[in-house]
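The values are calculated or read from the model by the stated rules, or taken from the named source; none is laboratory data. Being a predicted model, the structure only gives us computed values, none of them experimental. Quick reminder, even Gly has a Cβ in these numbers, built from the backbone with ideal geometry, and neighbours come from all protein chains shown.
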């Protein structure tokens, strides 16, 4: 096994020291909330966020996407209604519960659990007694 030379080790240590001591975020002047530049930046961010769906080569361009979305949204809505029925004293008041398909995600990746990662359902009471549910 080759040992790294002392010169290489010193260079790596110096580079690490520089990276640690350099601030990772530069102070950038932000437009004030409600101003025209602020609103334009916000609209650009929203457009960028939805480009994977509506942009060229986006999900809506895939003919398999909408049928899979309807299937997953229906399944998720039924599952959420059954979960609500099982806990009638803890109402779920979120957009994900009230609007069918709101939090489906990409339905074409619905079957990845166990093959490309792990998905675990979690629920717990927060300090105010609200039941929080999610998937990690």
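Of the numbered conditions (1) at pLDDT 80 or above; (2) more than 19 Å from residue 52 (Cβ to Cβ); (3) not in a loop (DSSP other than H, G, I, E, B), residue 97 satisfies every one except a single condition; which is it?
With (1) at pLDDT 80 or above; (2) more than 19 Å from residue 52 (Cβ to Cβ); (3) not in a loop (DSSP other than H, G, I, E, B) applied to residue 97, the lone miss is (1).
How about the stretch 79-90: which of its residues are outside any helix (DSSP H, G or I) and surrounded by 10 or more Cβ atoms within 10 Å (Cβ to Cβ)?
Matches in the stretch 79-90: 87, 90.
So, of the residues in the stretch 31-53 that are outside any helix (DSSP H, G or I) and surrounded by 10 or more Cβ atoms within 10 Å (Cβ to Cβ), which turns out to be modelled with the lowest pLDDT?
31
Step by step: first the residues of the stretch 54-75, then only those that are modelled with pLDDT under 85 and out of contact with any helix residue (DSSP H, G or I) (no Cβ under 8 Å at 6 or more places or on another chain), then the one that is surrounded by the most Cβ atoms within 10 Å (Cβ to Cβ). Which residue is that?
Among them, the one singled out is 55.
Counting just the residues of the stretch 54-78 that are touching a residue at least 40 places away in the same chain (Cβ under 8 Å) and part of a helix (DSSP H, G or I), which one comes out nearest to residue 99 (Cα to Cα)?
Here the answer is 68.
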